[in-house]
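Just below is one structure, and these are the notes that go with it.
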Number of protein chains: 4
Amino acid sequence: MTFQLGDNQYGKAETRLVRVDRGDTHSITDLTVTTTLAGDLTATHLTGDNTGVLPTDTQKNTVYAFARDGVGEIEDFALRLARHFVDSAPAIERARVRIEQASWDRIPVTGHSFAQAAGTRTATATYDGESAWVVSGVRDLTVMNTTGSEFHGFPKDRYTTLAETSDRILATAVTARWRHSEPGTRDWQDSFDRAKERLLTAFAATYSMSLQQTLYAMGQYVLSGDDGLAEIRLELPNKHHFLVDLEPFGLDNPGEVYLAADRPYGLIEGAVLREGAPGAGLAWW
Amino acid sequence: MTFQLGDNQYGKAETRLVRVDRGDTHSITDLTVTTTLAGDLTATHLTGDNTGVLPTDTQKNTVYAFARDGVGEIEDFALRLARHFVDSAPAIERARVRIEQASWDRIPVTGHSFAQAAGTRTATATYDGESAWVVSGVRDLTVMNTTGSEFHGFPKDRYTTLAETSDRILATAVTARWRHSEPGTRDWQDSFDRAKERLLTAFAATYSMSLQQTLYAMGQYVLSGDDGLAEIRLELPNKHHFLVDLEPFGLDNPGEVYLAADRPYGLIEGAVLREGAPGAGLAWW
Amino acid sequence: MTFQLGDNQYGKAETRLVRVDRGDTHSITDLTVTTTLAGDLTATHLTGDNTGVLPTDTQKNTVYAFARDGVGEIEDFALRLARHFVDSAPAIERARVRIEQASWDRIPVTGHSFAQAAGTRTATATYDGESAWVVSGVRDLTVMNTTGSEFHGFPKDRYTTLAETSDRILATAVTARWRHSEPGTRDWQDSFDRAKERLLTAFAATYSMSLQQTLYAMGQYVLSGDDGLAEIRLELPNKHHFLVDLEPFGLDNPGEVYLAADRPYGLIEGAVLREGAPGAGLAWW
Amino acid sequence: MTFQLGDNQYGKAETRLVRVDRGDTHSITDLTVTTTLAGDLTATHLTGDNTGVLPTDTQKNTVYAFARDGVGEIEDFALRLARHFVDSAPAIERARVRIEQASWDRIPVTGHSFAQAAGTRTATATYDGESAWVVSGVRDLTVMNTTGSEFHGFPKDRYTTLAETSDRILATAVTARWRHSEPGTRDWQDSFDRAKERLLTAFAATYSMSLQQTLYAMGQYVLSGDDGLAEIRLELPNKHHFLVDLEPFGLDNPGEVYLAADRPYGLIEGAVLREGAPGAGLAWW
């Protein structure tokens, strides 16, 4: 009876980096960087021979050292790091660098003061020695429509108690990731701004018969606004808001008082693809 | 050997309420409400006689039922609830209602679409059957200055390794609570807006020799902008940003690359009082 | 119009320390230490003069350095640190050191292998230059009785919907803190073991008409088992378990299937005092 | 320019269920259940036609209703639910049910009292209408060796600062999942107990040159103890413990005082396969 090593990877998770660019006014870049490497790492698993194992501590150091030259857009920074690890570490055949960027607004009192804003921008770059691909995204973009959402026509069985509704609150915390067709340098900021704007717009403007319909509408609208995107994946938790029954208190409740529930929650996941776009089979989640 | 019941209180924590006001455009009020009651509750503790125990479930129901009439400012809503519990439940002598309000921005595509923003507004109203007092506040207001902060002149002992610095990042997540001199109806929104604006402005504009100095400046500036405030208390975690030593990599680091640390963190707490303001001895934390 | 500094304190929160004692078998002490100092700190608040401010970085260093001599019981370690700060830092008049200790079991394969267990032991020592007091405790001790709990006889009003029950699940996550009458050296471990055992026993053995009754029984039983304790305070969230209505599916539910709710939750807080015990007025929360 | 729907699925996440079995002594089963369905769901995405969408509310109801008949082992309960959704909902072609089970110990005072213990048991069953597969596992099993761990022989580059070590603390929080070769009924509890015991034993007993070596040893030892397992996947965060430099305080530190770091952390992921085991290509993560 014998065993073998299967898929494996390793890296440094959640290196916290803040870069300050100092001029007449300052700007800040607030990142959490996770580097993940794969390659011929059988030796360390089977015998503890670490000849091929670039330490995760070195990966962390590299993140900080590379930031000395400037970070720029997180997609570019992730690509730089991913290429570096594959090109310089002999045993490493694939590197994936995931970055989360916190949002900060200026406090318009000085040129060096900031207040944190909601939402997180994300980017993941993967490089395998030959080709690279870049996925941009957003996390924790919490949105709500107080009307314009129905849900009915679903199948009923023995376990159905949900009433059909022609008017409900629809709320979710958007996690979305969109894959660029080409890894080459783009205007990432402009692409991001358009995608985020379109996520918000499509969420708001879609008269929704299901959260799935909203998901598809959001994905399609993002892709249709940027020819450089091949695919988008969305994860939309359905943050349920239940109309509270006030009848026991002699009160009606015409769509005014809701209980916002934590758990359980619906979870809708789906992808929208541009037909004929390259790289449909990539494992980029 | 005998024992006795000491201070005690009970209530319902974290009732999640979203109220929708529907007109040509909708507006939402997103609250987490905690009610806490105290009074003559010896019987339930000693014998399980619940004659005086207004159930926490009823407290939750009351929150939802009262919202049917509208919520308005959270200070008013907290006061309404606190007065109700004391006035209607015979055994209850003191009620404290704490509300946290999530921030939402409009998505300017429809009149009924919203995106969650950073920061939380808070209010606590306490009523003891005779007098009431109201504390307003903010939580999780995360701010950073990339310069304008020094720290030196501190005592050195055997355990000192911290270097003095004439230029460091100063970052914190502000929790602040300010007590109103009178519980009567005010323009709470205007008062809140001024206080928050002044917290941001004082944080940004204060050239800081210590986070304590910044704390006092923030508190004083809030009080000086609103004659209706008696006192303010601030909790300011010092979110350390350490300049990364890049020398091992042959690089300098002229204030550009920082490690943002999680733990441990400094924690600075302090109050600023208006001289002669009423109610200095109130236990209102 | 003038302002003044009110109560204030500062310190280093959540210093993470693991000490290893190495002999034939190893033992570990896994602590999170928070030090809080107060004294004459007006200067730093008003002018940024840090002459009296022992840096929080030095406080952290002191925690690690003191651990070199051994930690022992967390009550003793907290006392050592609290006395040191007051005795050595001229401006510091009161120090409070709070320690949380994680629980680890041995993996009985080697003498140096451990697996983390549930529950956290806590201790807080306060020293003001003259007297000291010590509070021991436990956090996150989650317990459940599946029967032996009733709740009825409570007042009904317009907002009551809760049904009376003669059999319900009672579950809570115990936070308890007990104050020792004398700060002098005790067998803290023995005292802790007895208190924890009695918390569990009293929770289990009390036939409960209200969570308040259970709280008092737990507190009284802890005090009655240790003459060295003056007072105990408990915080008991009521972790509601709701019987699921299975009637829509043609099923009964004789106390078998429950929904475990997150929010809102009841929160019961109370103290039990030994009559005539010293220090009843201490602010030791 | 046209778009198409890609992979998609939906379900109800984190339904909280506690089942009580009442006899002379009671027993409890504390579960968090996530159901995820996939199938021909194009209509709801493109047009909002919900004919095929079994509501997530119904999925939740089904979880509770099925618990009325008893839960048994979580692997069996997950399989029952997965088969039900595929067999009864026409549009659903694949169901995945993930269950997390909290650990509770008895309080040996009554037959109906329990205290929560550390660690979480997990199971995921997937059914596609023809075949089923079952993955069991554990989450948050936090373990530490205070010696018996080295790390050296790794490649050095410009960014290396990590010193080689022949004695370090090795600590991790194990997430492990093992796939059963056959979905048929097994003695899941016995299989789980053996796997968990072997994870602990292999972690403790492996003299480790890298966390990867420990990972492989743990995986191999689990598989070698249970012929019914085809594969195991492990995620091992390297919970770094750094020896504190006490030299500035005139102290040595012979492996006694450590700083337990939060972030960043190493993250080691890998699989061990039984050679020739079926289903190597299954997407079961």
Contacts under 6 angstrom Cβ, first residue in the range D:228-257 being in the same structural domain as D:Thr185 (by TED's automatic domain parsing) and in contact (Cβ under 8 Å) with a residue 40 or more places away in the chain, partner among the charged types (D, E, K, R) and assigned to a strand (DSSP E or B), 6 or more apart: D:Ala230/D:Arg179; D:Ala230/D:Arg274; D:Glu231/D:Arg179; D:Arg233/D:Arg177; D:Glu235/D:Glu269
Qualifying position, being surrounded by 23 or more Cβ atoms within 10 Å (Cβ to Cβ), within 18 Å of the chain's Cα centre (by Cα), among the acidic types (Asp, Glu) and not in a loop (DSSP other than H, G, I, E, B), among C:Glu197, C:Glu231: C:Glu231
Output for the range A:121-176, where each listed residue is among the aliphatic types (A, V, I, L, M), more than 14 Å from chain B (Cβ to nearest Cβ) and within 30 Å of A:Gly39 (Cα to Cα): A:Ala123, A:Ala125, A:Ala132, A:Val134, A:Val135
Failed criterion for C:Thr185 (all others in (1) crowded, with 23+ Cβ neighbours inside 10 Å; (2) away from chain B (no Cβ under 14 Å); (3) of a type in the set (Val, Ile, Thr) hold): (1)
Long-range neighbours under 6 Å by Cβ, at least six apart or interchain, first residue under 16 Å from C:Glu275 (Cβ atoms) within the range B:1-18, second exposed (fewer than 15 other Cβ atoms within 10 Å of the Cβ): B:Thr2/C:Glu275; B:Gln4/C:Glu275
Residue in the range D:257-264 that is of a type in the set (Asp, Glu), surrounded by fewer than 17 Cβ atoms within 10 Å (Cβ to Cβ) and within 29 Å of D:Ala95 (Cα to Cα) present: no
Among (1) more than 10 Å from chain A (Cβ to nearest Cβ); (2) closer than 30 Å to A:Thr34 by Cβ - the single one D:Gly219 does not satisfy: (1)
Selection from the range B:7-57 of residues that are surrounded by fewer than 18 Cβ atoms within 10 Å (Cβ to Cβ), facing another protein chain (nearest Cβ under 7 Å) and in contact with a strand residue (DSSP E or B) (Cβ under 8 Å, 6 or more places away or on another chain): B:Asp7, B:Gln9, B:Glu14, B:Leu46
Residue satisfying all of: in the range C:110-146; charged (D, E, K, R) and touching a residue at least 40 places away in the same chain (Cβ under 8 Å); farthest from C:Lys196 (Cα to Cα) among these: C:Asp128
Flag for B:Asp76 being modelled with pLDDT of 95 or more, part of a helix (DSSP H, G or I) and under 19 Å from the mean Cα position of the chain (by Cα): yes
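Any idea which of A:Val86, A:Val53 is under 25 Å from D:Lys156 (Cα atoms), in contact with a helix residue (DSSP H, G or I) (Cβ under 8 Å, 6 or more places away or on another chain), among the aliphatic types (A, V, I, L, M) and at pLDDT 95 or above?
The conditions single out A:Val53.
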Hey, A:Thr120 surrounded by fewer than 21 Cβ atoms within 10 Å (Cβ to Cβ) and not assigned by TED's automatic domain parsing to the domain that holds A:Gln189 or not: yes
Some residue of the range B:85-100 being over 20 Å from the mean Cα position of the chain (by Cα), of a type in the set (A, V, I, L, M) and crowded, with 21+ Cβ neighbours inside 10 Å: yes
Pair list, Cβ < 7 Å and 6+ apart or interchain, from the range B:58-70 residues that are in contact (Cβ under 8 Å) with a residue 40 or more places away in the chain to residues that are surrounded by fewer than 24 Cβ atoms within 10 Å (Cβ to Cβ) and assigned to a helix (DSSP H, G or I): B:Val63/B:Leu81
Only listed residue being modelled with pLDDT of 95 or more and out of contact with any helix residue (DSSP H, G or I) (no Cβ under 9 Å at 6 or more places or on another chain), chosen from D:Pro248, D:Pro278, D:Pro254: D:Pro254
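Tally time: how many residues in the range A:200-228 are assigned to a loop (DSSP other than H, G, I, E, B) and within 18 Å of the chain's Cα centre (by Cα)?
Pass one, the range A:200-228, residues assigned to a loop (DSSP other than H, G, I, E, B): A:206-207, A:209-210, A:225-228.
Those still in the list that are within 18 Å of the chain's Cα centre (by Cα) too: A:226, A:228.
Final tally of qualifying residues: 2.
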Positions within the range A:157-177 being touching an Asp or Glu at 6+ places or on another chain (Cβ under 8 Å), small (Gly, Ala, Ser) and surrounded by 14 or more Cβ atoms within 10 Å (Cβ to Cβ), in sequence order: A:Ala173, A:Ala176
Members of the range A:180-224 found to be polar (S, T, N, Q), over 24 Å from A:Thr165 (Cβ atoms), modelled with pLDDT of 95 or more and out of contact with any strand residue (DSSP E or B) (no Cβ under 6 Å at 6 or more places or on another chain), listed by number: A:Gln189, A:Ser191, A:Thr201, A:Ser224
Hits in the range C:21-39 - residues which are over 24 Å from the mean Cα position of the chain (by Cα), farther than 30 Å from C:Val53 by Cα and part of a strand (DSSP E or B): C:Asp21, C:Arg22, C:His26
Filter result for D:Arg168 (among the charged types (D, E, K, R), modelled with pLDDT of 95 or more, under 19 Å from the mean Cα position of the chain (by Cα) and assigned by TED's automatic domain parsing to the domain that holds D:Gly255): no
Qualifying residue in the range C:1-12 (condition: in contact with a Phe, Trp or Tyr (Cβ under 9 Å, 6 or more places away or on another chain) and basic (Lys, Arg)): yes
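The values are calculated or read from the model by the stated rules, or taken from the named source; none is laboratory data. Just so we're clear, the structure is a prediction, and the values are computed from it rather than from any experiment. Glycine gets a Cβ as well: all are built from the backbone with ideal geometry, and neighbour counts include every protein chain shown.
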